[in-house]
Amino acid sequence: MNQSENVDFKLELSTEKDEHGKYFVISKDGTTTFGRMESDSGLADVPIKLSEGEITNPVTKEGYGLVHIEARHGEQIRNAGFATVVDFVEEVAKNYEIIREGSNRKGNQTYLLQLTDMNNNTLMVELAGDETYWNINTAGVFRTSYGAKNKVVYNRHATEKQSAETVEASLSGELNGTTPSTSMHTPIQQNVFSVGKDRKNSDTLQENLQKTCKD
């Protein structure tokens, strides 16, 4: 039995739905906004949101949103020192340092938001059809080399005299030449969230999470 099978998933969901009819997860500030796309990136300056999502293939656990991230990367994220997947998403969405181009999904360009410590903590986001928010498709804790060949769209550490690619390469070299820093995240805790009484489908989400984690 792995760690995720012992976790009781209880999440607070909004009554607001994404473009696929799935409820958004509520962030720590009580809204559905987990972060915002950096305006200097040239990309749509709109909120970054996480929905409950869905599993489209029970065998491969393909899909998007929270249930997909939990099924594919939940244990990995907690083992990296994050208490919950939701905590991980909010940490990266608020503090990402680099934006890279991701894959082109059915004509829609995705982007990687990366926050690097000893790993590349990464969110993959895609602009919603009405362009009012960035939807988090997936997320995970990857090696620092993950996405290294992808085009850099934005680097928070770049200056007017340095390109984003140059600064990213410099930071990568410094990271490889030093002892990794200690985790900046809170200790692992039981993954428990409160459930709003008016969230009609929270029980369904809980069942889906438990089911996918046991597959």
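The values are calculated or read from the model by the stated rules, or taken from the named source; none is laboratory data. Values in this document were obtained by computation on a predicted structure and should not be read as measured data. We place every Cβ from the backbone using ideal geometry, glycine too, and count neighbours over all the protein chains shown. The area values use the complete protein model at the heavy-atom level, side chains included, leaving out ligands, DNA and RNA. Shrake-Rupley method; radii C 1.70, N 1.55, O 1.52, S 1.80 Å.
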For this session: Report yes if some residue within region 74-86 is part of a helix (DSSP H, G or I), open to solvent by less than 50 Å² (accessible area, probe 1.4 Å) and within 21 Å of Thr15 (Cα to Cα); otherwise report no.
Result: yes
Exercise. Given Thr84, Thr116, Thr110, Thr122, which one is more than 23 Å from Leu43 (Cβ to Cβ) and hydroxyl-bearing (Ser, Thr, Tyr)?
Worked result: Thr84
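Rundown of residues vs (1) over 25 Å from Gly21 (Cβ atoms); (2) touching a residue at least 60 places away in the same chain (Cβ under 8 Å); (3) not basic (Lys, Arg), yes/no style:
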{"site": "Gly81", "(1), (2), (3)": "yes, yes, yes"}
{"site": "Arg105", "(1), (2), (3)": "no, no, no"}
{"site": "Ala128", "(1), (2), (3)": "no, yes, yes"}
{"site": "Trp134", "(1), (2), (3)": "no, yes, yes"}
Exercise. In region 65-116, which residues are touching an Asp or Glu at 6+ places or on another chain (Cβ under 7 Å) and of a type in the set (Ser, Thr, Tyr)?
Worked result: Thr110, Tyr111, Thr116
Problem set entry | When residues of region 95-115 are limited to those that are of a type outside the set (Gly, Ala, Ser) and modelled with pLDDT under 95, the one least open to solvent (accessible area, probe 1.4 Å) | Asn108
Problem set entry | So Val92, is it under 13 Å from the mean Cα position of the chain (by Cα), over 17 Å from Thr33 (Cα atoms) and either at pLDDT 95 or above or in a strand (DSSP E or B) (or both) | no
For this session: Taking the options Met124, Met118, name whichever one is open to solvent by 10 Å² or more (accessible area, probe 1.4 Å) and at pLDDT below 95.
Result: Met118
For this session: Would you point out the residue of region 51-80, among those that are in contact with a Gly (Cβ under 6 Å, 6 or more places away or on another chain) and of a type in the set (Val, Ile, Thr), that is farthest from Phe142 (Cα to Cα)?
Result: Thr56
Exercise. What pairs come up if the first residue lies in region 138-156 and is more than 12 Å from Arg100 (Cβ to Cβ), the second is in a loop (DSSP other than H, G, I, E, B), and their beta carbons are under 6 Å apart, counting only those six or more places apart or on different chains?
Worked result: Val141/Ala80; Val141/Asn119; Arg156/Glu97
Exercise. What pairs can you find where one residue is in region 25-38 and closer than 15 Å to Asn95 by Cα, the other is modelled with pLDDT of 95 or more and assigned to a strand (DSSP E or B), and their Cβ atoms are less than 6 Å apart, with a gap of 6+ or different chains?
Worked result: Thr33/Pro47; Phe34/Ile48; Gly35/Ile48; Arg36/Pro47; Met37/Trp134; Glu38/Tyr154
Seminar exercise, completed: When restricted to Glu16, Glu52, Glu70, Glu5, the only residue of a type outside the set (Ser, Thr, Tyr), at pLDDT 95 or above and open to solvent by 20 Å² or more (accessible area, probe 1.4 Å) is Glu16
Problem set entry | Among residues of region 29-49, those that are of a type in the set (Val, Ile, Thr) and either open to solvent by less than 10 Å² (accessible area, probe 1.4 Å) or under 11 Å from the mean Cα position of the chain (by Cα) (or both), counted | 1
